[in-house]
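One structure is given below, encoded as structure tokens.
What follows draws every value from the coordinates through simple rules; no lab data is involved. This is a predicted model, so every value here is computed, not measured. FYI the Cβ positions are ideal-geometry reconstructions off the backbone, even for glycines, and counts take in every protein chain you see.
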Amino acid sequence: MTEHAHHQHNHNHCVKTAMENAALLCEEKGVRLTDTRKRVLELIWQGHEAVKAYDLIQQFSDGGTKPPTVYRALDFLLEQGLIHRIDSLNAFIGCPHPDHHDECGLQVLVCDECHLVEELHTHDAVSTIADAASATGFKVVRPVVEVHGLCEKCQA
């Protein structure tokens, strides 16, 4: 059972931890986590479902925020490893472990029903793929594995 499948999952803790980690990481790297970047990150962390850029733009309440501003914030958050792009959904999720996201690439389970996205950290899967690729002369640079199926709740 994943942490999100527990009935008493405290999602506020996820958001608070993500925002604290983002502030620390940006401070360590000497980059600015502006108000817009913070707001985009908070909106992405509102749930464990992937969020599309269009939906983020719609959620900005000030009305003065233009789409390019949101896209720039997304680019920044991706660059810092604070979020991940789920290519098959053309959407974004928050990274729960931005301090070591490069170690094993991106591995996610995507529920085709509710769009819950669960990040995995399995070195074995990446090394198996890298070894198989290497045998063909291919060098893996950015291992991304998206596995689609149904989460525990949607199977019920």
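Brief remarks on what is shown
- Rg over Rh for region 3-155 works out to 0.98, using Cα positions for both radii and the Kirkwood form for Rh.
- Lysine pairs meeting the criterion (Cα under 30 Å, 8 or more apart or interchain), as found in the chain: 13
- Label-zone membership for region 37-77, site residue 23, 7 angstrom Cα→C-beta point, backbone N under 20 Å: 37-47, 77
- Distant-in-sequence amide H partners of residue 151 (H built 1.01 Å from N, under 5 Å): 112, 113, 114
- Spacing of the two label points (7 Å from each Cα toward its C-beta) at residue 140 and residue 31, in nm: 2.4
- Karplus-based coupling profile of region 136-146, in residue order and whole Hz: 9, x, 9, 9, 6, 9, 9, x, 10, 10, 10, with θ = phi - 60° in 6.51 cos²θ - 1.76 cosθ + 1.60 and x standing for Gly or Pro.
- Tensor-based shape of region 30-78 (alpha-carbon gyration tensor, a/c under 1.5 rounded, otherwise prolate or oblate): oblate
- Modelled label reach - residue 38, point 7 Å along Cα→Cβ, region 49-82 residues with backbone N closer than 20 Å: 56-57, 59-66, 69-82
- For the chain: relative contact order, % (alpha-carbon pairs under 8 angstrom, 6 or more apart): 20
- Angle between the chain longest axis and helix 11-29 axis [Cα atoms, degrees, rounded to 10]: 90
- Taking other residues whose beta carbon is less than 14 angstrom from the beta carbon of residue 77, and scoring Lys, Arg as +1 and Asp, Glu as -1, yields +3.
- Long-range HN-HN contacts of residue 83 with modeled amide H, under 5 Å: 78, 95
- For residue 144, residues with placed amide H under 5 Å, excluding near neighbours: 106
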